[in-house]
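S.K.: Here it is, the structure, as structure tokens.
The values are calculated or read from the model by the stated rules, or taken from the named source; none is laboratory data. All of these numbers come straight from a predicted model, not from anything done at the bench. Note that each Cβ is placed from the backbone with ideal geometry, even for glycine, and that neighbours are counted across all protein chains shown. Protein only, heavy atoms only, side chains kept; ligands, DNA and RNA dropped before computing areas. Shrake-Rupley method; radii C 1.70, N 1.55, O 1.52, S 1.80 Å.
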Amino acid sequence: MSLTVDIEKSLGGFHLKVAFTAETGLLSLLGASGCGKSMTLKCIAGIERPDRGKIELNGTTLFDSDRRIDLPPQKRRVGYLFQQYALFPNMTVRQNIRCGVREKSGAEAAVDGAIRAMHLDGLENLRPHQLSGGQQQRTALARILVNQPEVLLLDEPFSALDSHLRFRLEREMLQTVRAFGKPVVLVTHDRDEAFRLSDSIAVMRGGTIEVTGGKHAVFSDPKTRSGAVLTGCKNISPLQKLDERSVLATDWGMRLTLAQDAGKARFIGIRMHDILPGEGENSFRCRVTEEIENPFSFTLMLRPVDCPDAMSVGWETDKAAWRALRADEVTIRLPKESLLLLKE
């Protein structure tokens, strides 16, 4: 089971050029608004037509510009879940699911099966406004799954939800994805959501994919500055290469020893929770310039004592640990194994 995409499409001054393969499991397209994530899904579904390239699903060509193949959406075996689920407000749950059935023979039995699979028994005659968020989502998924698609495309399905409801519906969605057992592509701008749900992640910027891989690999080594930002790294500085294994983080005024050669990296980063207290290699005495209390931690903004004009570095630490350590100055260590070497 696999989806292979290699397409280009120009829209005014914007150029989409993406290539990736999604295997069984969930691949997240992670990127800021306007980077081309949703347009990529629309091209796969046949809602938009690429200018050139090829889309193949389980050996079937959905689109090929050279061979002039462009299957209509209803022949692509693609299930597309829109942001707001796109349920018809004047239809019942059963009618919403029934209207998605393409093969009319055996339609009622297929609808019954989808209702049972999505645990919508007893809700068949309710309309969307009478359903909870989770019930609406399951209805929309039932309408998609009733046609037995070969791939699911999920376009920011949790973007309009509050954090509590989002987390609960994520867990329900994940159960559906695991049971589906085929490729799933999720569009999101939320790095936590991408990490919780995904098997693999493709980081997008400006219409292209900058890095792709397993979620742990992408978060451990995002490779680019925008990839680091999108995966939650808040400490990023331009670097000046001093020798093979040391650089100057120019914004922070810190000379850092590396675990590897800096190569063509132009920036260096470290996640706030990877900074450690205490002496050692890459340690610096810092003044606390700001203390920010989070629900379960403190974020401390620190500036090296011997470089008072430098930009502050953020350090996230446990509440109890900081309350025991609290001082105007602290010594921190930036482990070389935790430093991120980043291209533009």
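S.K.: Got a sec to turn the phi values of the range 267-273 into Karplus ³J(HN,Hα) couplings, 6.51 cos²θ - 1.76 cosθ + 1.60 with θ = phi - 60°, whole Hz, x for Gly and Pro?
M.R.: Working through the residues one at a time gives 9, 10, x, 8, 6, 4, 7 Hz.
S.K.: Oh, and also: Could you work out which residue, out of Lys54, Lys319, Lys42, moves most in a Gaussian network model of the chain, that is, has the largest mean-square fluctuation with Cα springs under 10 Å?
M.R.: Sorting by GNM fluctuation, first place goes to Lys319.
S.K.: May I ask for the Rg/Rh ratio of the range 1-67, computed from Cα atoms with Rh as the Kirkwood radius, given to two decimals?
M.R.: Rg divided by Rh gives 0.95.
S.K.: Toward the positive end of the charge dipole of the range 137-279, about the Cα centre and with charges on Cβ (Lys, Arg +1; Asp, Glu -1), which of Leu256, Ile268, His216 goes farthest?
M.R.: Selected residue: His216.
S.K.: Rank these residues by their accessible area, most exposed first, probe 1.4 Å: Asp155, Asp221.
M.R.: Sorted by accessible area, descending: Asp221, Asp155.
S.K.: Right, something else. Could you work out the pair-distance distribution P(r) of the range 132-175 from its alpha-carbon pairs, with 10 angstrom bin width and percents rounded to whole numbers?
M.R.: Here the calculated profile for the range 132-175 is 25, 58, 16, 1.
S.K.: Here's something else I'd like to know. Indicate the gyration tensor shape class of the range 84-160 (rounded, prolate or oblate), computed on the Cα atoms with a ≥ b ≥ c the square roots of the eigenvalues: a/c under 1.5 is rounded; otherwise a/b larger than b/c is prolate and the rest oblate.
M.R.: oblate
S.K.: With the other protein chains left in place, how much accessible area per residue, in square angstrom, belongs to the chain at a 1.4 angstrom probe?
M.R.: 48
S.K.: Ignoring ligands, DNA and RNA, what percent of the accessible area of the chain is carbon or sulfur (1.4 Å)?
M.R.: 49
S.K.: Taking a probe of 1.4 angstrom, what is the accessible area of His216 in Å², to the nearest 10?
M.R.: Number for this one is 120 Å².
S.K.: Still on this model: Given only helices, namely DSSP H runs of n ≥ 4 each adding -39500 (n - 2.57), what is the per-residue ellipticity at 222 nm of the chain, to the nearest 500 deg cm²/dmol?
M.R.: On the way: 9 runs with 83 residues, N = 344.
Per the formula, -7000 deg cm²/dmol.
S.K.: Per the Cauchy relation, a quarter of the hull surface: what is the mean projected area of the convex hull of the alpha carbons in the range 204-344, in nm²?
M.R.: Value for the range 204-344: 9.1 nm².
S.K.: Per q in 0.10, 0.22 Å⁻¹, report the Debye log10 I(q)/I(0) for the range 138-273, using one uniform scatterer on each alpha carbon and no solvent.
M.R.: -0.45, -1.35
S.K.: Here is a follow-up. After finding the eigenvalues of the alpha carbon gyration tensor for the range 266-341, what semi-axes result from the square roots of 5 times each, listed largest first in whole Å?
M.R.: Computed over the range 266-341, the values are 19, 15, 12 Å.
S.K.: I've got another one for you. Output ³J(HN,Hα) for the range 250-259: one whole-Hz value per residue in order, computed from phi by the Karplus curve 6.51 cos²θ - 1.76 cosθ + 1.60 with θ = phi - 60°, and x for Gly and Pro.
M.R.: Rounded to whole hertz, the list is 5, 5, 9, x, 10, 8, 10, 8, 9, 7.
S.K.: What is the gain in length, in nm to one decimal, between Asp243 and Arg266 on full extension, counting 0.36 nm per residue of separation less the C-alpha to C-alpha distance?
M.R.: Separation in residues times 0.36 nm, less the Cα-Cα distance, equals 6.9 nm.
S.K.: Can you tell me the alpha carbon radius of gyration of the range 1-114 divided by the globular rule-of-thumb value 2.2 N^0.38 Å?
M.R.: Against the empirical 2.2 N^0.38 Å value, I get 1.22 for the range 1-114.
S.K.: Rg/Rh for the chain to two decimals, with Rh computed the Kirkwood way over all alpha-carbon pairs.
M.R.: Over the Cα atoms of the chain, Rg/Rh equals 1.07.
S.K.: Same structure, new question: Rounded if a/c is under 1.5, else prolate if a/b is larger than b/c, else oblate: which is the range 162-206, with a ≥ b ≥ c the root eigenvalues of its Cα gyration tensor?
M.R.: oblate
S.K.: Here's another thing I want to ask about it. Under 27 Å Cα to Cα from Lys336, which lysines show up? Leave out anything in the same chain fewer than 8 places away.
M.R.: Output for Lys336: Lys215, Lys223, Lys234, Lys241, Lys264, Lys319.
S.K.: Over what distance in Å are the Cα centres of the range 12-74 and the range 264-307 separated?
M.R.: A separation of 41 Å, based on Cα centres.
S.K.: Comparing Asn147, Asn125, Asn96, which has the greatest mean-square fluctuation in the GNM of the chain with Cα pairs linked when under 10 Å apart?
M.R.: With Cα springs under 10 Å in the chain, the top fluctuation among Asn147, Asn125, Asn96 is at Asn125.
S.K.: With both bridge residues required to lie in the range 44-167, what share of the DSSP beta bridges run antiparallel, to the nearest 5%?
M.R.: Bridges in the range 44-167 are about 60 percent antiparallel.
S.K.: Using alpha carbons only, what's the Rg to Rh ratio of the range 230-307 with Rh from Kirkwood?
M.R.: 0.97
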